[in-house]
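Quick notes on the structure that follows.
The values are calculated or read from the model by the stated rules, or taken from the named source; none is laboratory data. Quick caveat: nothing in here was measured; it's all calculated off a predicted structure. Cβ sites come from the backbone with ideal geometry, for glycine too, and all protein chains shown count toward neighbours.
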Amino acid sequence: MKKFAVTSVHELIAILADFDGNVLYRGQTSHYEKDGAPSITTSFDRQGCVPPVMLKWARYARNLLEMYLGDAVCSMDFTQALLQHYGWRSFYIDCSASALVSAWFASHRYRDRMTIEMCEDFEERPIWLSKHKADYEYEDGEGVLYIFDKSACEKHSKLTDLASIKFDGMRPRTQAQQAWLLGPLRKQGVAPECLVAMITGPRSVFREFAATDGLTSTEMIFPNRAEDPLLNALLSIPWKEIPLPESKINIPAFARGLDIPEYHESFEKFASPATALFRGKSITANDPQFPGNVVSVPAITLFGSPDKNLIPYPYIEALLSDGKAVAFEIDDLILHMQLRVTEYQKGIVITPHKDGLFEVSQLIVTHPGQELTGVGVDRGWYYRRDGNGLWRRENNSEECPCDQAVIHERYFEALKMIEHFLGSPRDFSG
């Protein structure tokens, strides 16, 4: 690895000119070493990983982003890479095809803080909203610009080109930052062979270089949700109530379902009905009640990744023995962008039909603001129990007419996690 020290933009430009287009860049305001070599590690390595939470949000984001990106999000690795770029922890390292963008990060220090805003829901009831606010601020000191060799990165790990994600008339963060992700890197940093150069110098030099391309503010690097449909989708995830100690001031508080940093002002005096503020209400408390049996299951049963082999469902079938439908309900709301405004998934429903035929669909609720106001069941896919007790897909004239096979396949996959939970609930108690 070559090492350079610069004192002017002219020197920096001259050094960068010696590198061809087969490189990527990463800027930092601090340099770390381990055993005498640069240490560039992932956020999971630095802060730890919580597997159930990671699985939940990776799968949740996949549900949301399929609407925009289609088959591009078929990989869990891709989804995690995209979440990393929007502020969620992962096994990936952010980098860029642009030396200018990376120079901006080499000259601006990240800051974040939790804020509490008081506003009102659409029915004009007061609420507290907790938000993770962030920005970047210039600060004198030394910055560092790393240069990675693409070929070496592909050899030692994998590269994901997020800059290729484009929307007509829009400016997602992936494009604004010409973003690439290196990884996944589990329990290891960037391999030394990937680093071809390290340039250090005053942050003022990197700031001046970035400014030659108009990169002078956080807003240029982080487009707002009106410009970025991916950010808008992630910020549309339902809010969840924060438990508070008993108080004479009976005002509920909520946090975003997905805790990602926000770089723009988002205060609204009145939240819209489309802003779901979930307070843990079950469909059993709704009138009229669901016309069948309701079983509470952990949310991870809908977000986990079970084995794809067919299995029998003795515990599920026992619950269906009275001929009534069974709703497996989670303590959460799942936003699918293709649903109608204020409608959310809250579980999986199995409806038994004649001759060993079962319909698997999703439990839908309407939830404007803080209230769960309606319960329904979408049309699903049909499965028939064979002689070995396995459920096999069977076309049916009454099945859901949508062209979203991946969604219905995911409902069926969830049954394996639900069967596991019914048989071994302790496995889900961690």
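State all residues of the range 134-166 that are within 18 Å of A197 (Cα to Cα) and among the acidic types (D, E); if no residue qualifies, say none.
Listed by number, the residues that qualify are E142, D149, E154.
Being surrounded by fewer than 16 Cβ atoms within 10 Å (Cβ to Cβ), out of contact with any strand residue (DSSP E or B) (no Cβ under 7 Å at 6 or more places or on another chain), of a type outside the set (D, E, K, R) and under 21 Å from L333 (Cα atoms) narrows it down to one residue among P229, P243; which is it?
P243
Determine whether the range 270-287 contains at least one residue that is in the same structural domain as P352 (by TED's automatic domain parsing), at pLDDT below 90 and assigned to a loop (DSSP other than H, G, I, E, B).
Scanning the range 270-287 turns up at least one residue that is in the same structural domain as P352 (by TED's automatic domain parsing), at pLDDT below 90 and assigned to a loop (DSSP other than H, G, I, E, B).
Residues that are within 28 Å of the chain's Cα centre (by Cα) and under 24 Å from T275 (Cβ atoms): which strands (runs of 3 or more DSSP E) entirely in the range 314-430 hold 3 or more of them?
326-334, 343-353, 357-366, 374-377
Return the residues of the range 157-206 that are among the acidic types (D, E) and either within 19 Å of S98 (Cβ to Cβ) or surrounded by 23 or more Cβ atoms within 10 Å (Cβ to Cβ) (or both); say none if nothing qualifies.
Of everything in the range 157-206, just one residue is among the acidic types (D, E) and either within 19 Å of S98 (Cβ to Cβ) or surrounded by 23 or more Cβ atoms within 10 Å (Cβ to Cβ) (or both), namely D161.
Can you tell me how many residues within the range 121-161 are of a type in the set (F, W, Y) and part of a helix (DSSP H, G or I)? Outline the logic, then answer.
First pass over the range 121-161, keeping only residues of a type in the set (F, W, Y): 122, 128, 136, 138, 146, 148.
From the residues that got through so far, the ones that are part of a helix (DSSP H, G or I) too are none.
Total satisfying the criteria: 0.
Output the qualifying pairs, or none if there are none: Cβ atoms under 7 angstrom, residues six or more apart or on different chains, first residue in the range 223-236 and more than 12 Å from Y86 (Cβ to Cβ), second residue among the charged types (D, E, K, R) and assigned to a loop (DSSP other than H, G, I, E, B).
Cβ pairs passing all conditions: E227/R171.
Just to be sure before I move on: is L302 within 30 Å of K324 (Cβ to Cβ) and outside any loop (DSSP other than H, G, I, E, B) in the structure I sent?
Spelling it out, L302 is indeed within 30 Å of K324 (Cβ to Cβ) and outside any loop (DSSP other than H, G, I, E, B).
Counting just the residues of the range 118-145 that are more than 27 Å from the chain's Cα centre (by Cα) and crowded, with 18+ Cβ neighbours inside 10 Å, which one comes out nearest to Q178 (Cα to Cα)? Step through it out loud before you land on a result.
Pass one, the range 118-145, residues more than 27 Å from the chain's Cα centre (by Cα): 123-126, 138-145.
Now drop any that are not crowded, with 18+ Cβ neighbours inside 10 Å, which leaves 143-145.
Working: G143: 20, V144: 19, L145: 16 Å.
The selected residue is L145.
With the condition kept exactly as written, say whether any residue in the range 88-107 is aromatic (F, W, Y), touching a His at 6+ places or on another chain (Cβ under 9 Å), over 30 Å from I249 (Cβ atoms) and in a strand (DSSP E or B).
Checking the range 88-107: not a single residue is aromatic (F, W, Y), touching a His at 6+ places or on another chain (Cβ under 9 Å), over 30 Å from I249 (Cβ atoms) and in a strand (DSSP E or B).
Which residue pairs have Cβ atoms under 8 Å apart, sit 6 or more places apart or on different chains, and have a first residue in the range 162-175 that is assigned to a loop (DSSP other than H, G, I, E, B) and a second that is of a type in the set (D, E) and modelled with pLDDT of 85 or more?
Qualifying pairs under 8 Å: M170/E227; M170/D228; R171/E227; R171/D228; P172/E227; P172/D228.
From T79, T115, which residue is of a type in the set (S, T, N, Q), under 23 Å from A233 (Cα atoms), under 24 Å from the mean Cα position of the chain (by Cα) and outside any helix (DSSP H, G or I)? Please lay out each step first, then the result.
Details: T79 fails: outside any helix (DSSP H, G or I).
Matching residue, one of T79, T115: T115.
Could you tell me how many of the residues in the range 255-267 are farther than 26 Å from G374 by Cα and touching a residue at least 12 places away in the same chain (Cβ under 8 Å)?
Taking the range 255-267 first, the residues farther than 26 Å from G374 by Cα are 259-267.
With the extra rule that they be touching a residue at least 12 places away in the same chain (Cβ under 8 Å), the set shrinks to 259-264, 266-267.
Looking only at that region, the number is 8.
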